Amino acid sequence: MRKLTLAMTGMVSTVLLSAQAFANEAAGNGLPVPNQSWEHLWDEIILDITIIGVIMAVAAVIMLVKYTASSPDEVGTAKELDSVQSIAYALIPAAIFMADDFYLAANGWTVWNEYRRVPENAMEIKVTGYQWYFEYEYPDGTTTDTLVLPHNQPTVFRMTSDDVIHSFGMPGFRVKEDIMPGRITYIWVNPVEIRETLVQCAEFCGDEHSLMYNTLSVVPQAQFDLWLAKMAAEG
């Protein structure tokens, strides 16, 4: 039991040390990148449950081999524990596992707060959900049905629906938020990589729900300015 307890302690120490930089995850623009923090947390959880699973599996195999009866008539015996030993055997493993769970839960709330705390310099885009497309209104009043974001410019989406409940899903940014008629919801992203991904409705909203998606392009600021000016000129 002592060896198992030491192994569990080592597991928790490994998780804690490997995650020290997690809360301070930042991009080149000096702001948090929520989707990167989410991925980091997910890696920590997978590592955690893998280590726990391996420890438990090894312990089970050891006890299975060590304490297997050598004959059908053999009866096992166990050393009688006093009250202190009984409490220690129950509470020490529970305390180790609970400390690990509380640590990961606290990191989960850190990621949640990053997703909800909008930077002061964020560009605002208004999103309206319709059956079955999204409409985007940029700060200059230009409206489009495609989404282009400038690189390294935090962007907040203020969203509502014109008909039924939709959900603004951006799988490339690990983010999803419901869009509801009569309410304004929001979510923000920090596009630190130049790339192309998708926006899709993540809530069933009618016959053509599966067709409710569009591309999302992250481009350099100069290219974004040219694109927005072109959209505005085209009305």
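Inspect all residues belonging to segment 137-160 and state whether any of them is within 16 Å of Pro34 (Cα to Cα) and among the charged types (D, E, K, R).
At the first step, the residues of segment 137-160 found to be within 16 Å of Pro34 (Cα to Cα) are 151-157.
Still in the list and also among the charged types (D, E, K, R): none.
So far as segment 137-160 goes, no, none of its residues is within 16 Å of Pro34 (Cα to Cα) and among the charged types (D, E, K, R).
Table: residues versus (1) part of a loop (DSSP other than H, G, I, E, B); (2) among the charged types (D, E, K, R); (3) within 19 Å of Thr143 (Cα to Cα).
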position: Leu198; (1), (2), (3): no, no, yes
position: Glu203; (1), (2), (3): yes, yes, no
position: Asp207; (1), (2), (3): yes, yes, no
position: Ser210; (1), (2), (3): no, no, no
position: Phe224; (1), (2), (3): no, no, yes
position: Leu228; (1), (2), (3): no, no, yes
position: Ala233; (1), (2), (3): no, no, yes
Do you know which residues across segment 224-235 are surrounded by 11 or more Cβ atoms within 10 Å (Cβ to Cβ) and of a type in the set (D, E, K, R)?
Asp225
Residue that is surrounded by the most Cβ atoms within 10 Å (Cβ to Cβ) [pool: residues in segment 210-223 that are out of contact with any Asp or Glu (no Cβ under 8 Å at 6 or more places or on another chain) and within 22 Å of Pro171 (Cα to Cα)]:
Met212
Please go through (1) modelled with pLDDT of 85 or more; (2) aliphatic (A, V, I, L, M); (3) closer than 30 Å to Asn152 by Cβ; (4) surrounded by 14 or more Cβ atoms within 10 Å (Cβ to Cβ) for Ile51 and return the number of the only condition it doesn't satisfy.
(3)
If a residue has to be over 16 Å from His209 (Cα atoms), in a loop (DSSP other than H, G, I, E, B) and free of Cβ contacts under 8 Å to residues at least 60 places away in the same chain to count, how many in segment 153-191 make the cut?
4
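The values are calculated or read from the model by the stated rules, or taken from the named source; none is laboratory data. None of the values given here were measured: they were computed from a predicted structure. Cβ atoms come from the backbone with ideal geometry, glycine included; neighbour counts cover every protein chain shown.
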